[in-house]
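The values are calculated or read from the model by the stated rules, or taken from the named source; none is laboratory data. Because the structure is predicted, anything quoted here is derived from the model rather than measured. Neighbour counts are summed over all protein chains in view; Cβ atoms, including those assigned to glycine, are modelled from backbone coordinates with ideal geometry.
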Amino acid sequence: MLVFSAETSCDETSVCIMKEDKTILSHIVYSQEIHTEYGGVVPELASRAHLEILQQITKEALKESGIKLNEIDLFSATCGPGLIGGLLIGSTFAKSLSIGNGKPFIPINHLEAHVLSSFYNNEIKFPHLSLLLTGGHTQIYFLENYNKINLIGETIDDAIGEAFDKVSKILGLSYPGGPEIEKKALKGNGNAFKLPQPLINEDNFNFSFSGLKTSVNLIAKKNIIDESFIRNMSASFQKCVGAILAFKLKKVINKLYNKNLSVSVVGGVANNDYLKQCFKNIKERDAIEFFYPPKYMMNDNAAMIAWATILKYKNSHDLNFKPNPRLSI
């Protein structure tokens, strides 16, 4: 069985052709650079960029894989959550291909694809925790099995990736902010500024990053934003975020702990090496096993969409499914 998948939920345009044995025949991710000058994603520009590039990279994927379009057995696409314009373009494109070739179309939940991505390259047993860290979401899921995925904690305002982007903009750095802050933090002092840790003492597993961003903004207005300030604030902000994530995750582990529990960290922000070290400290202290997806499945990508299609949804055809920008698991 061959699967063609498209991912267009935000500012990456991606397609993948994957075999049922999870062999990737082609995987292309096109990152839209047009948003850099605006310091964040502009939805209308993102939609137009998807429209301009999607057919081209599909042709490239077919050529690279040596597969003809009529040989594809299943077509799938991200149908939410995300920016509605991008969701409509990707899903309509994949639906059109499915109709034209007389093959089924399968709608895929972007968040669920992230959660399931760590199962691609790891042997994971249930029950299992998944910490999802992306530009638009910060969530903790408890997985009893593939079909019982329960949301037990999430951000009540800004997502972690959004917070990185906003702080980066405050510091005069470029978009996307995560890699920029991580780079500057390497030469900064993480103890230079004392920043708040919202919801740290609340009896829940939720997050809040809006107040942290505001605190950085207020401090920045009272200081000269030179290279020394940028490095120290980047290190302080990153250390604060790491402490919040580690504390909340440890609270969940203590609440739900049993000898079979393990943790996945998924999403684009999971690429941050400092945060990985924070989780490694938990692993070494509490003997909790941590898993990560392949690096190419961390940011928004079509390979995780194809994998979710094969792993769970290959018999869930629904050509009439309407894209939903607020779709939840």
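Give me the residue from the stretch 161-185 that is in contact with a helix residue (DSSP H, G or I) (Cβ under 7 Å, 6 or more places away or on another chain) and acidic (Asp, Glu) and, out of that set, surrounded by the most Cβ atoms within 10 Å (Cβ to Cβ).
Ranking the candidates gives ASP165 first.
State the number of residues belonging to the stretch 135-160 that are within 13 Å of LEU249 (Cβ to Cβ), buried (at least 17 other Cβ atoms within 10 Å of the Cβ) and in contact (Cβ under 8 Å) with a residue 60 or more places away in the chain.
Within the stretch 135-160, residues that are within 13 Å of LEU249 (Cβ to Cβ), buried (at least 17 other Cβ atoms within 10 Å of the Cβ) and in contact (Cβ under 8 Å) with a residue 60 or more places away in the chain number 6.
Report whether or not VAL15 is touching an Asp or Glu at 6+ places or on another chain (Cβ under 7 Å) and hydrophobic (A, V, I, L, M, F, W, C).
no
Yes or no: ALA235 surrounded by fewer than 16 Cβ atoms within 10 Å (Cβ to Cβ) and not in a loop (DSSP other than H, G, I, E, B)?
Spelling it out, it is not the case that ALA235 is surrounded by fewer than 16 Cβ atoms within 10 Å (Cβ to Cβ) and not in a loop (DSSP other than H, G, I, E, B).
I need a count of the residues in the stretch 299-329 that are in contact with a strand residue (DSSP E or B) (Cβ under 8 Å, 6 or more places away or on another chain), more than 20 Å from ALA61 (Cβ to Cβ) and among the aliphatic types (A, V, I, L, M).
Result for the stretch 299-329: 2.
Hey, could you check the stretch 69-93 for residues that are more than 19 Å from the chain's Cα centre (by Cα) and over 15 Å from SER14 (Cα atoms) and say which is surrounded by the fewest Cβ atoms within 10 Å (Cβ to Cβ)?
So the residue we want is ASN70.
LEU69 - would you say it is of a type in the set (A, V, I, L, M, F, W, C) and either in the same structural domain as SER210 (by TED's automatic domain parsing) or under 30 Å from PHE205 (Cβ atoms) (or both)?
So LEU69 fails the test.
Each row is one residue, and each column tells you yes or no for (1) of a type in the set (Val, Ile, Thr); (2) over 21 Å from ALA159 (Cα atoms); (3) in the same structural domain as ASN189 (by TED's automatic domain parsing); (4) in contact with a strand residue (DSSP E or B) (Cβ under 9 Å, 6 or more places away or on another chain).
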| residue | (1), (2), (3), (4) |
| --- | --- |
| PHE209 | no, no, yes, yes |
| ALA235 | no, no, yes, no |
| GLY242 | no, no, yes, no |
| GLY267 | no, no, yes, yes |
| LYS276 | no, no, yes, yes |
| ARG285 | no, yes, yes, no |
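Test LYS187 against the stated conditions and say whether it is among the basic types (Lys, Arg) and in a loop (DSSP other than H, G, I, E, B).
When the stated conditions are applied, LYS187 passes them.
Within the stretch 32-68, can you find the residues that are touching a residue at least 60 places away in the same chain (Cβ under 8 Å), more than 20 Å from the chain's Cα centre (by Cα) and closer than 19 Å to LYS166 by Cα?
The one that is touching a residue at least 60 places away in the same chain (Cβ under 8 Å), more than 20 Å from the chain's Cα centre (by Cα) and closer than 19 Å to LYS166 by Cα: TYR38.
SER96 versus (1) more than 22 Å from ALA46 (Cβ to Cβ); (2) surrounded by fewer than 24 Cβ atoms within 10 Å (Cβ to Cβ); (3) without any contact (Cβ under 8 Å) to a residue 60 or more places away in the chain; (4) out of contact with any His (no Cβ under 9 Å at 6 or more places or on another chain): which is the lone unmet condition?
(1)
Can you report the number of residues in the stretch 64-106 which are over 21 Å from LYS19 (Cβ atoms) and in contact with a helix residue (DSSP H, G or I) (Cβ under 9 Å, 6 or more places away or on another chain)?
14
Do the conditions hold for LEU199, that is, is it part of a loop (DSSP other than H, G, I, E, B) and surrounded by 15 or more Cβ atoms within 10 Å (Cβ to Cβ)?
Considered against the rule, which asks whether it is part of a loop (DSSP other than H, G, I, E, B) and surrounded by 15 or more Cβ atoms within 10 Å (Cβ to Cβ), LEU199 comes out as yes.
Residues being of a type outside the set (S, T, N, Q) and in a loop (DSSP other than H, G, I, E, B): count how many of those fall in the stretch 119-151.
So the answer is 11.
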